[in-house]
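Engineer: First the structure, then my questions, so here it is.
Just so you know, all these numbers are worked out from the coordinates, no wet-lab data involved. All values derive from a computational prediction rather than experimental measurement. Cβ placement follows ideal geometry from the backbone for every residue including glycine, while neighbour counts extend to all protein chains displayed.
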Amino acid sequence: MAMIPNEVIAAAQAAWHKWKVPASVSLAQWIVESGWGAHMPAGSNNPFGIKAIAGHPTVDALTHEFVHGRYVPITAHFAKFDDLEGAFDAHAKLLATHAAYHYAMQTTNAEEFAHRLAVHYATDPRYGDKLVASMRKYGLEKYDA
């Protein structure tokens, strides 16, 4: 079984304590979105694929998204973070404060959270299932304590 670096676990747990986004879900997103940290936009420290907003540091990278039911390549502007802790904090803040994720924040069940999150977070129709599969396979719920 692959090992999650301690700095990634610490960042997920710090964000969980601050924003109440389950660390297990954030870690599953780190696994699914960045391929265990190997596939982040170069120089971004952005394992979640968080898109850039005006006035903040950015990097451009080729990615793939589902558009009208087709998985297509696009170039996107991604947020750039100083470190992984900043990325996990921004990710959790987005989920905890954006109206699109209010429904997800209403449950304390991490698997249910993952499915509720998926409705608005990703274009992949199987995203929630992928998160839950990673959570189960790697026993990520232990990091929610």
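Engineer: Given labels modelled 7 Å from the Cα in the Cβ direction, how far is it in nm from ALA99 to LYS51?
Structural biologist: 1.7
Engineer: Can you give me the relative contact order of the chain as a percent, contacts being Cα pairs under 8 Å and 6 or more apart?
Structural biologist: Relative contact order here is 28 percent.
Engineer: Order of SER26, SER44, SER134 from fewest to most other C-beta atoms within 10 Å?
Structural biologist: SER134, SER44, SER26
Engineer: Let me ask something else about it. FRET efficiency for THR75 and ALA133, Cβ-Cβ distance as r, R0 = 25 Å, nearest 0.05?
Structural biologist: 0.30
Engineer: Hand me the tally of lysine pairs in segment 6-144: alpha carbons under 28 angstrom apart, and the pair either on different chains or 8 or more positions apart.
Structural biologist: For segment 6-144, the number of qualifying lysine pairs is 21.
Engineer: Can you work out the FRET efficiency for the pair ALA14 and VAL67, with r the C-beta to C-beta distance and R0 = 30 Å, to the nearest 0.05?
Structural biologist: Efficiency for this residue pair is about 0.30.
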